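Enquirer: Got a structure here, written out as structure tokens. Questions coming.
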Amino acid sequence: MDGTHQQRRRGDTRQRIQDVALELFAEQGYEKTSLREIAEHLDVTKAALYYHFKTKEEILVSIFEDLSQPIEDLIEWGGRQPHTLATKQEIVRRYSGALAGAAPLFRFMQENQATIRELRIGEMFKDRTLRLRDILIDPDAELVDQVRCISALFTLHAGMFVMQDVEGDPEAKRKAVLEVATDLVTQAHQGA
């Protein structure tokens, strides 16, 4: 077996562990899920699981890093762009897509806030949100326009959770939330 093929198989196992762990964390809570249970659901030994991850937190951090990589890429991209309305609208659009792609993780984070605060992913998420905020906000803009830009981010976050219980097509709801977030950024720019 060549190195690339072996690497891909190891990657598949890692992915399966993450998927099953996130499912169990969401179903029964992070605290109540053990590594042994994760191994049983995967039909592997605890030693096989341990080869990839030593702790539950390691699994959760790896899920967070993988699913939120598009957000990290967006922050890096946004930091290199001119501070224009078009850039900000593009950031909001891409962020909406990144959040949708990581929906199971963010649902878990929403439902397990106390756990998240204790683990380092809470800090990692907060750090990413603040870095995005710094790209969206013009420091010399009116305070009300700075609030609009921050509110655009929170609109996207809230839209993921609050809109879940609202009747309708998920994609239509995501587009409606995105439209409101884009309006906020656009309004903030008109004040400039």
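Enquirer: Cα atoms only, region 3-62: Rg and Dmax in Å?
Expert: 11.3, 37
Enquirer: Residue 69 to residue 179: extension gain in nm, 0.36 nm per residue of separation minus the Cα-Cα distance? Numbers along the way, then the final one.
Expert: Working: separation 110, 0.36 × 110 = 39.60 nm, distance 2.37 nm.
Fully extending the segment from residue 69 to residue 179 adds 37.2 nm.
Enquirer: Rounded to the nearest 500 deg cm²/dmol, what is the calculated helix-only ellipticity per residue at 222 nm for the chain, with -39500 (n - 2.57) per DSSP H run of length n ≥ 4? Before the final figure, lay out each step's value.
Expert: On the way: 11 runs with 154 residues, N = 192.
Counting only the DSSP helices, I get -26000 deg cm²/dmol.
Enquirer: Farthest toward the dipole's positive end in region 44-192, which of 146, 48, 84, given Cβ charges of +1 (Lys, Arg) and -1 (Asp, Glu) about the Cα centre?
Expert: 48
Enquirer: How high is the relative contact order of the chain? Use alpha-carbon pairs under 8 Å, at least six apart in sequence, and give a whole percent.
Expert: Numbers: 150 pairs, mean separation 40.8, N = 192.
RCO, the chain: 21 percent.
Enquirer: Taking the Cα centre of region 34-192 as the origin, how large is its charge dipole in debye, to the nearest 20, when only Lys and Arg (+1) and Asp and Glu (-1) carry charge on their Cβ atoms? List each step's numbers first, then the result.
Expert: Details: 19 positive and 26 negative charges, 31 e Å.
Once rounded to the nearest 20, the dipole reads 160 debye.
Enquirer: Once fully extended, how much extra length lies between residue 123 and residue 26, figured as 0.36 nm per residue of separation less the alpha-carbon to alpha-carbon distance? Walk me through the numbers before you get to the answer.
Expert: Details: separation 97, 0.36 × 97 = 34.92 nm, distance 2.00 nm.
This chain segment gains 32.9 nm when fully extended.
Enquirer: Run down the lysines and flag those whose C-alpha is under 20 Å from the C-alpha of residue 46, throwing out any fewer than 8 positions away in its chain.
Expert: Cα-Cα hits under 20 Å: 32, 54, 56.
Enquirer: Follow-up question, since we're still on this one. Apply 1/(1 + (r/R0)^6) to the Cβ-Cβ distance of residue 61 and residue 93, taking R0 = 22 Å, and write down the FRET efficiency to the nearest 0.05. Please report the intermediate quantities before stating the final value.
Expert: On the way: r = 28 Å, r/R0 = 1.26.
Efficiency at R0 = 22 Å is approximately 0.20.
Enquirer: Mind running the shape call on region 68-190? Use the C-alpha gyration tensor, a ≥ b ≥ c as the square roots of the eigenvalues: rounded below 1.5 for a/c, prolate if a/b tops b/c, oblate otherwise.
Expert: Numbers: a/c = 1.75, a/b = 1.27, b/c = 1.38.
In terms of gyration-tensor shape, oblate.
Enquirer: Quick one: what does P(r) look like for region 1-153 with 10 Å bins over all Cα pairs, in whole %?
Expert: 10, 34, 28, 18, 9, 2, 0
Enquirer: Another question about this same structure. Select from 129, 61, 112 the residue farthest towards the positive end of the dipole of the chain; place +1 on Cβ of Lys and Arg, -1 on Cβ of Asp and Glu, and compute about the Cα centre.
Expert: 61
Where a number appears in this text, it was derived from the coordinates with a stated rule and is not lab data. This structure is a prediction, so every number in the text was calculated from the model and none was measured. When we count neighbours, we look across all protein chains shown, and the Cβ atoms used for this are built from the backbone with ideal geometry, even at glycine.
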